[in-house]
1. According to the square roots a ≥ b ≥ c of the eigenvalues of the Cα gyration tensor, what is the shape class of region 29-230, taking rounded for a/c under 1.5, prolate for a/b larger than b/c otherwise, and oblate for the remainder?
2. Set the bar at 22 Å for Cα to Cα. Now go through Lys514/Lys731; Lys731/Lys778; Lys514/Lys778; Lys582/Lys607; Lys57/Lys192; Lys164/Lys203 and name every pair that lies beyond it.
3. Quick check for you: with a 1.4 Å probe and neighbouring chains kept, what is the accessible area per residue of region 550-652, in Å²?
4. For the ranges 439-445, 360-366, 113-119, what's the packing order if you count other beta-carbon atoms within 10 Å of each residue, average per peptide, and put the highest first?
5. Through the Karplus equation 6.51 cos²θ - 1.76 cosθ + 1.60, θ set to phi - 60°, convert the phi angles of region 466-480 into ³J(HN,Hα) values in whole Hz; use x for Gly and Pro.
6. For a protection proxy built on the mean count of beta-carbon atoms within 10 angstrom, sort 534-546, 552-564 highest first, please.
7. Near the amide H of Gln86, under 5 Å away, which other amide H atoms are found, from residues 5 or more places off or on another chain, if H is placed in the peptide plane?
8. Arranged from highest to lowest average of other beta-carbon atoms within 10 Å per residue, in what order do the peptides 414-426, 326-338, 511-523 appear?
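The values are calculated or read from the model by the stated rules, or taken from the named source; none is laboratory data. Computed from a predicted model, the values in this text were never measured in an experiment. Positions of Cβ are generated from backbone atoms using ideal geometry, with glycine treated the same way; all protein chains shown enter the neighbour counts. Please note that ligands, DNA and RNA were not included when accessible areas were found on the heavy atoms of the full protein model with its side chains. Shrake-Rupley method; radii C 1.70, N 1.55, O 1.52, S 1.80 Å.
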Amino acid sequence: MKKIPLLSYIFFTVLCSIITQAHAAIKSIDEFTTQMNHFPGYYSFFYDTQNGKVYLKVDKFEQQFLLQQSLPYGIGSNDIGLDRGQLGNTHLVQFERFGDKVMLRAVNTYYRANTSNKAEQQSIKEAFASSILAGFKVVAEDKATALIDYTPYLLSDVHGVSRKLAARKQGNFSLDESRSAVYMNRSKAFVKNTELEAVLTFKGTKPGEFVRQVSVDPYALTVHMHHSLIQLPDDNYTPRKFNPQSGFWSIEHKDYAAPLGDSMYVRYIPRHRLTKKDSSLPISEPVKPIVYYLDPGVPEPVKSALLEGGKWWNDAFTAAGYKNAFIVKVLPSSADPMDIRYNVIQWVHRATRGWSYGSSVIDPRTGEILKGHVTLGSLRVRQDILIAEALAAPYLKGNEVAKNLQAMALDRIRQLSAHEIGHTLGIAHNFAASVGDRASVMDYPHPLLSFNEQGKLDVTRGYATGMGVWDTQVIKYGYSDFTNQDESAELAAILKENKAKGLEFISDSDARAKGGAHPTAHLWDNGTNPSQELLRVLDVRKKALSQFGINNIKTGDSLSQLEEKLVPLYLFHRFQVEAAVKLIAGVDYEYETRGDSPVKGAQVVNKKTQQEAVNAIFATLKPSNLLLPESVLSLIPPKAYGESKSRESIVGRTGLTLDAMALPEVAVQHSLSLLLNAQRLNRLAQQQARSNDFYSLDELLEELYGQVFNASSPNTMTGKITQRVQFLTAKAMADIVASDSASPEVQAQLRYYLVKLSEDFNQNSMLSHTSTGESAFKQYLAEQVNQFLIKGQWPNNFKVLPIPPGSPI
Ligand SMILES: [Zn+2]
């Protein structure tokens, strides 16, 4: 027998082992997974307990499905914005095979060619980039089925936690694999969806204050990330056309196959699938109702309130011809809230109060909502109680929160539940609803409070209950079953009906802007006449301020806590200021489309209405409305030992003690920043030039100058506030002159008044006044203005105090 030399033997052995490994790489799936747990479902997966790995069986190539990513366990900071249950990206994806690799490609759904011409469709595919989200190695295979190691992708930062932390300046964080793993408790496979979850730890350096505020160890943040692989719904869903007046959001794509002369933008409304069992009946049960599940972790009495508020929607669906189409119940403890099959309402805790929101998983092809996911911030209910306490001074005897105050806060929670669910039904904000007798839960409501004849706070009308007229109409548009009917005609009829009912719809971009012009679209407002309501609110505030004191806190609470109660009371009028100011240089319009009837266009708000608004805003600059009662100033001490200021406290310039001028300053600045908004002033100047019938910039500036700068300022608190108003007004005018957003004509007019002010105050300071303080101030302001006029820049020795946060309430 021929002896094999040692070297050759080693070579032969190595070669054999390479061949064996090559064979190992193409093991059959059964062979490869013998020791693993099998989870059969839409995409079946295997779990390798020994190595903590998840293998996905890819038996569908080039077949589209939805990949939804989410964050089941969050960070808990409103400022960072990584909340428990937050939905991430929804991608239309497909697996593709490239040799020994499998790729997961996200399809570009915005640019399309809606045609049967394959070449035309291909030209779009090639023109706009798709995104390959992940590449996988094939570890085993059967004929057309590949087994891939999904673990690295599952353990990656698909939700963009590191990016978000960096963007919020909260430190440099990256994934630590050694502290990350597949989370099998929430990894399951079902017939139409496969759910996979991981525990991920981010290690970081230089953690920011928000991270420090909420973490155990600010250098290690552990969260969960979830992947839902979802089978596409069947083709029996019909998208519904978007109309800007419908009250719905729009899901848009651009169609490059649209006929020349037609719009390329295709817009659908997002909505759940809902059809009648019998469409010939005026009222019918649905084929399948829309069911929402409430977080079982909500405590009473909030839980019942959330359930009740959610159920209001069923009334709207009833009006749209359904019976029992909308159901709300508590989520069974065994169910996973991130599971795509459940519409959920989650009660989410954060370190500080913040926004609630309603998100949805939407099929990007059609706008069909597959899952509604409501996030309700748990601190909201406490804010309403705080406002009520601040106004009612309720603790005369016991420490119990008065039943009626708590009832009002729960009314708000009902409405909040309905509001956020509304978003997940596809519905947008309608900020023009409150003027129409609180016509929608999709507006932002402000507590409607007054004092009764006995001097007690009346909260009975605090918040509305039930669906508004607008909500009912919106549901009719989005969810009516028009089988065997002319859908376009029926939808047009609903919009016509809205007009006949006097309903308006104006949403975020028009209502939120500081320079907004719409006379009825406001956030957190009440009443049909914003100016009258502002004056009424100022009265309520004055009454509450006069009785503010020891009864605003419970027995045993430190006196210094009165500070945080005082803030929402003192600034109780802030949102109504925003409402009234929009009448000034206001323009009335709707999201009109051309039809049969005459159009409204863009109508300037009439002069009398604008003048009323100016008067109401000027009331917020009057020292009598700004002065804090001596009884309040002499009651609130610096923070008690063991307690500290929060973001809801007052920032001042008097060290530890309460700054009596701080709240007046921030309130005045708030009004001025809205009144002397560059866009508003530019508009007013143009309106003046267009017609003498309109209110004018000349009038506004003349009246403002008269009220603010002709007032005397003796050495009293009223006098000091007068001076502060004068200072802030002069500076606000200078800021507009120096800004690049005011038109040159407007800048010229404001500069004219600054010159006049400098001259007037300079001369006036020579006259004898009751106090040298008054002369000194006039001389000082004249100098400051003068310096600005020379240098074009306000002297750098004054910074306006920050206003404590207001919304959400
Ligand atoms: Zn909202």
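1. Here region 29-230 falls in the oblate category.
2. Violating the 22 Å Cα-Cα cut-off are Lys514/Lys778.
3. Ligands and nucleic acids excluded, the figure is 44 Å² per residue.
4. 439-445, 360-366, 113-119
5. Here the 3J(HN,Hα) series is x, 5, x, 4, 4, 4, 4, 5, 5, 4, 4, 5, x, 10, 4 Hz.
6. The packing order, highest mean first, is 534-546, 552-564.
7. Here the answer is Leu71, since their amide H atoms fall under 5 Å of that of Gln86.
8. 414-426, 511-523, 326-338
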